[in-house]
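The values are calculated or read from the model by the stated rules, or taken from the named source; none is laboratory data. Only a predicted model underlies this, so the values are computations on that prediction, with no experimental measurement involved. Please note: Cβ atoms are built from the backbone with ideal geometry, for glycine as well, and neighbour counts cover all protein chains shown. Surface areas here come from the heavy atoms of the whole protein model, side chains and all, with no ligands, DNA or RNA. Shrake-Rupley method; radii C 1.70, N 1.55, O 1.52, S 1.80 Å.
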Amino acid sequence: IHADDTISWQTYHRPPGIIMIGDDQGKGFVEKALNLIIERLPEYKHHKPMTTLARALSDMKAGRQVCHPALFKTRKREEFMIFSQAAMINPTNRIVAHPGKIDALVKKDKSVDLIELLQYPQLSFALVKERSYTQIIDDLLADYLDQKYLFKMTNTDLSSLFQMIEKGRIDVSIAYPFEVNYYLKDSNKREGALKLYAMSGMEKFTFGSVACPKTEWGKRVINKVNLALDVLKPTAAYRKAVTAWWEEEAATEAFNVLYQNEFLNR
């Protein structure tokens with residue numbers, strides 16, 4: 001196989017999207033969707049090295065033959081990456097807090113306004129280095145986080161972050177609901193050790209894409225990925241893959257409409 005025909009899918013242990021360690025290894029929803037895409041790209045040799053998000057991004061910046069199966073499009077990333085059509089659909093990020101810490105901010109519908117939260121005094125915040133929380137959230141965070149007590153975690157398994165919030169060492173972070181649910185299930189934690197809040201005024205679901213470097217090679221791969229997604233996304237198998245680990249949220253009529261009308265057309 002020619003060197004140009006090899007793709008390194010740079011991923012890392014981030015359950016339940018990508019599960020590289022433990023009993024559920026290989027059963028993450030990003031992995032399941034990626035495997036379906038890979039089946040439709042037989043002309044390439046595929047590697048899945050275990051890496052970090054920071055490494056994946058720096059390799060793409062350097063124009064190496066690496067891709068990532070599920071990233072948000074952001075202005076910063078579009079400078080050196082090319083993105084596929086929507087390949088992933090997820091429930092939006094939630095605010096994760098130590099119980100009782102931000103009760104004063106919780107609205108009647110149980111949501112919390114992110115700007116109010118960022119303006120709330122003396123809160124310690126932890127975020128994952130290089131992670132995008134969607135462009136809208138990233139822009140809000142950028143305006144405030146230099147003024148907060150901010151802890152930037154390297155891109156590892158989030159269980160250490162959730163433990164710090166449980167123990168009260170960190171007050172607040174942002175994560176997906178399925179990441180918290182997986183942590184609670186996996187560690188047999190009691191419910192209520194962490195509080196989850198929707199963000200006021202945010203869309204209920206977000207879309208992620210396959211990303212490759214902005215090179216001729218990257219453009220060729222993304223063109224082929226897009227052709228594969230055209231075929232895959234309307235199938236029950238692909239829908240089942242991308243919604244693994246959050247089937248309850250995906251079982252609603254609202255999600256069904258969104259999948260058909262938005263996800264298939266983006």
Q: Would you point out which residue out of Glu116, Glu130 is in contact with a Leu (Cβ under 9 Å, 6 or more places away or on another chain) and either free of Cβ contacts under 8 Å to residues at least 12 places away in the same chain or not in a loop (DSSP other than H, G, I, E, B) (or both)?
A: Glu116
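Kindly provide the set of residues from region 73-104 that are of a type outside the set (Lys, Arg) and open to solvent by 20 Å² or more (accessible area, probe 1.4 Å), ordered by number. Spell out how you get there, then give the answer.
Applying the first criterion (of a type outside the set (Lys, Arg)) to region 73-104 yields 74, 78-93, 95-100, 102-104.
Passing the criteria: Glu78, Glu79, Phe80, Ile82, Phe83, Gln85, His98, Pro99, Gly100, Asp103, Ala104.
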Q. Checking Lys110 against (1) open to solvent by less than 50 Å² (accessible area, probe 1.4 Å); (2) closer than 16 Å to Met199 by Cα; (3) at pLDDT 90 or above; (4) not aliphatic (A, V, I, L, M), which single condition isn't satisfied?
A. (1)
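Does Ala254 satisfy the condition of being part of a helix (DSSP H, G or I), touching a Lys or Arg at 6+ places or on another chain (Cβ under 8 Å), modelled with pLDDT of 90 or more and not hydroxyl-bearing (Ser, Thr, Tyr)? Working first, answer last.
Working: part of a helix (DSSP H, G or I): yes; touching a Lys or Arg at 6+ places or on another chain (Cβ under 8 Å): yes; modelled with pLDDT of 90 or more: no; not hydroxyl-bearing (Ser, Thr, Tyr): yes.
Answer is no for this residue.
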Q) So is Gln65 buried (at least 20 other Cβ atoms within 10 Å of the Cβ), of a type in the set (S, T, N, Q) and in contact with a helix residue (DSSP H, G or I) (Cβ under 8 Å, 6 or more places away or on another chain) or not? A) yes
Q.
Looking at region 113-157 only, could you name the residues that are open to solvent by 60 Å² or more (accessible area, probe 1.4 Å) and at positive phi?
A. Gln122, Glu130
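Determine which member of the set Ser160, Ser173 is open to solvent by 10 Å² or more (accessible area, probe 1.4 Å), under 18 Å from the mean Cα position of the chain (by Cα) and not aliphatic (A, V, I, L, M).
Numbers: Ser173 fails: open to solvent by 10 Å² or more (accessible area, probe 1.4 Å).
Only one candidate qualifies: Ser160.
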Q) What pairs can you find where one residue is in region 28-49 and polar (S, T, N, Q), the other is in a helix (DSSP H, G or I), and their Cβ atoms are less than 9 Å apart, with a gap of 6+ or different chains? A) Asn35/Ala241
**Q.** Close pairs (8 angstrom Cβ cut-off, 6 or more residues apart or separate chains): free of Cβ contacts under 8 Å to residues at least 24 places away in the same chain in region 87-112, among the β-branched types (Val, Ile, Thr) anywhere
**A.** Leu105/Val112
